[in-house]
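Accompanying notes for the structure given below.
The values are calculated or read from the model by the stated rules, or taken from the named source; none is laboratory data. What you are looking at is a predicted structure, and each value in this text was computed from that prediction instead of being measured. Every residue, glycine as well, gets a Cβ built from its backbone with ideal geometry; the counts of neighbours run over all protein chains shown. For accessibility, only protein heavy atoms count, side chains too; no ligands or nucleic acids. Shrake-Rupley method; radii C 1.70, N 1.55, O 1.52, S 1.80 Å.
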Amino acid sequence: MADALSIARDLIRCPSVTPADAGALDVLENILKGAGFQVHRVTFGEPGTADVDNLFARIGTSAPHITFAGHTDVVPPGEESAWSHGAFSGDVEDGYLYGRGAVDMKGGIACSVAAVLQHLADHGGKPGHDGNGSISFLITSDEEDLSVNGTVKLLQWAAARGEKFDHCVLGEPSNVETLGDCIKIGRRGSQSGTLYVDGIQGHVAYPHRAANPVPDISRLIVALGDEPLDHGSAQFQASHLEFTSVDVGNPAGNVIPGQARAKFNIRFNDLHTQATLKELVEQRLAKAAGNRIRARIVWEPSNSSVFVTKPGAFTDLAVAAIEEVSGRRPELSTSGGTSDARFISGYCPVIEFGLVGQTMHQIDERTPITDLEKLTQIYRGILQRYFG
Ligand SMILES: [Zn+2]
């Protein structure tokens, strides 16, 4: 039977730099078909983007249905001559597996596939002890860049087929330092915008005939940045608005500019939705601007909503499986950037637990082989408890 290391090496040897597949999904299709999965390969595209391969595989037809999600695409290797082992070699040395995707996240996918195969072998080829239950894999090659022809469309496609997911484990490298550190149970939302202040252009020698937007936008930046958006919630740190640039685009030293603009980004928690957040910021802007300053915000489109999987039975069984293998009680965290979990959370509760993220996206990305073995055991422990 395929073990996590050999699956991970086969995946790493496919140079699937996003959104290319380069044979990575074939590796999974062959293994999963051999274990009795029904495998679907679906290609999604839209104007202006490259077509992307995706894979959905399921065994069993009844509830409960647990799905392992992930991506086989990787970020580019960077300067390949700087790698001590080829970026797509899958070399093993001194107990480490090297290669792009070793931790983000071909290694994680390999562990979930190996764990499921072992679980099925222990249970007569069926997910649950009583023959019930379903296990599936939801794998895209479109996570690292655009994320438009991957998980979003694959979930819509699955829903249209009548697929219902009860729980999801996403094998992104959630651990910071050591396997067992951290389960991600949610992520903050992200919303960007630009603040515009309109003045009246004029000669610097005759300021009474002009209206300078520079001091006005400075006042508004301070006002919007100073007042906290909230003070955090049970699962999240406080929301935060950060200005990232201020521009007037004025090359002349003797002209008062006619307009100033400032870009900002907000990372927000579960006390807000995108709509209520925008309303709050616009109310504060109106108050700070008063009747005199002509200011407005243009919001950027965003698909990064906040989500959280509330601690409960599902997180408890994951914590127990992790503690049993690693000896560590993982923190339930909502920190860090976004992932495909934000899309999955619209369909079922999702947790993220995978390898240790220290070398992801770096030269010499690598994972200890013992971590591959431990993560496989942890996923087996999750399946055992889930169907137990
Ligand atoms: Zn990833």
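Comparison of ALA69, ALA20, ALA57 shows that the only residue that is over 13 Å from LEU154 (Cα atoms) and small (Gly, Ala, Ser) is ALA20.
The set of residues in the range 143-156 being over 25 Å from THR376 (Cβ atoms), open to solvent by 10 Å² or more (accessible area, probe 1.4 Å) and of a type outside the set (Val, Ile, Thr) consists of ASP145, LEU146, SER147, LYS153, GLN156.
Is one or more of the residues making up the range 191-210 within 29 Å of THR72 (Cα to Cα) and either out of contact with any Cys (no Cβ under 8 Å at 6 or more places or on another chain) or open to solvent by 60 Å² or more (accessible area, probe 1.4 Å) (or both)? Lay out the reasoning, then the answer.
Looking only at the range 191-210, we keep the residues that are within 29 Å of THR72 (Cα to Cα), and these are 191-192.
Restricting the remaining residues to those that are either out of contact with any Cys (no Cβ under 8 Å at 6 or more places or on another chain) or open to solvent by 60 Å² or more (accessible area, probe 1.4 Å) (or both) gives 191-192.
There is at least one residue in the range 191-210 that is within 29 Å of THR72 (Cα to Cα) and either out of contact with any Cys (no Cβ under 8 Å at 6 or more places or on another chain) or open to solvent by 60 Å² or more (accessible area, probe 1.4 Å) (or both).
On inspection, LEU317 fails the criterion of being under 23 Å from the mean Cα position of the chain (by Cα) and open to solvent by 50 Å² or more (accessible area, probe 1.4 Å). Across the range 142-174, the number of residues qualifying as part of a loop (DSSP other than H, G, I, E, B), over 30 Å from ASP371 (Cβ atoms) and of a type outside the set (S, T, N, Q) comes to 5. Here is the figure for the range 95-104: residues that are on the phi > 0 side of the Ramachandran plot and either open to solvent by 30 Å² or more (accessible area, probe 1.4 Å) or away from the ligand (no atom under 16 Å from the Cβ) (or both) total 1.
The rows are residues; the columns are (1) closer than 27 Å to THR18 by Cα; (2) within 16 Å of the ligand (Cβ to nearest atom); (3) of a type in the set (A, V, I, L, M, F, W, C); (4) touching a residue at least 60 places away in the same chain (Cβ under 8 Å).
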residue	(1), (2), (3), (4)
LYS106	yes, yes, no, yes
HIS119	no, no, no, yes
LYS126	no, no, no, yes
LEU138	yes, yes, yes, yes
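In the range 64-78, the residues that are in contact (Cβ under 8 Å) with a residue 24 or more places away in the chain and within 30 Å of PRO127 (Cβ to Cβ) form Cβ pairs under 8 Å with partners that are within 16 Å of the ligand (Cβ to nearest atom) and among the aromatic types (Phe, Trp, Tyr), at six or more places apart or across chains, as follows: THR67/PHE137; PHE68/PHE137; ALA69/PHE137; GLY70/PHE137.
Just one of the numbered conditions (1) under 18 Å from the mean Cα position of the chain (by Cα); (2) within 16 Å of the ligand (Cβ to nearest atom); (3) not basic (Lys, Arg) is not true of HIS167: (2).
Each row is one residue, and each column tells you yes or no for (1) farther than 22 Å from ARG187 by Cα; (2) over 21 Å from the mean Cα position of the chain (by Cα); (3) not basic (Lys, Arg).
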| residue | (1), (2), (3) |
| --- | --- |
| LYS263 | yes, yes, no |
| ASP270 | no, no, yes |
| ALA288 | yes, yes, yes |
| VAL306 | no, no, yes |
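Against the numbered list (1) touching a Phe, Trp or Tyr at 6+ places or on another chain (Cβ under 7 Å); (2) of a type in the set (D, E, K, R); (3) free of Cβ contacts under 8 Å to residues at least 40 places away in the same chain, ARG100 comes up short only at (3).
Scanning the range 332-348 for residues that are away from the ligand (no atom under 11 Å from the Cβ), at pLDDT 85 or above and small (Gly, Ala, Ser) turns up SER333, SER335, SER345, GLY346. The set of residues in the range 367-376 that are crowded, with 21+ Cβ neighbours inside 10 Å and either farther than 19 Å from ASP181 by Cβ or in contact with an Asp or Glu (Cβ under 9 Å, 6 or more places away or on another chain) (or both) comprises LEU372, THR376.
The rows are residues; the columns are (1) closer than 30 Å to SER302 by Cβ; (2) open to solvent by less than 10 Å² (accessible area, probe 1.4 Å); (3) modelled with pLDDT of 95 or more.
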position	(1), (2), (3)
LEU117	no, no, yes
PHE137	yes, yes, yes
ALA158	yes, yes, yes
LYS164	yes, no, yes
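The condition of being open to solvent by 20 Å² or more (accessible area, probe 1.4 Å), in contact with a Pro (Cβ under 9 Å, 6 or more places away or on another chain), of a type outside the set (Lys, Arg) and closer than 22 Å to ASP340 by Cβ holds for VAL17.
Candidates in the range 62-94 are the residues that are aromatic (Phe, Trp, Tyr) and over 30 Å from CYS348 (Cβ atoms); of these, the one that is farthest from the ligand (Cβ to nearest atom) is TRP83. With the condition kept exactly as written, say whether any residue in the range 194-210 is in a helix (DSSP H, G or I), away from the ligand (no atom under 16 Å from the Cβ) and touching a strand residue (DSSP E or B) at 6+ places or on another chain (Cβ under 7 Å). Among the residues of the range 194-210, at least one is in a helix (DSSP H, G or I), away from the ligand (no atom under 16 Å from the Cβ) and touching a strand residue (DSSP E or B) at 6+ places or on another chain (Cβ under 7 Å), which makes the answer yes.
Residue-wise test of (1) in a strand (DSSP E or B); (2) closer than 19 Å to CYS348 by Cβ; (3) modelled with pLDDT of 95 or more.
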| site | (1), (2), (3) |
| --- | --- |
| PRO19 | no, no, no |
| ALA22 | no, no, yes |
| THR49 | no, no, no |
| LEU55 | yes, yes, yes |
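Against the criterion of being at pLDDT 95 or above and away from the ligand (no atom under 16 Å from the Cβ), GLY34 qualifies.
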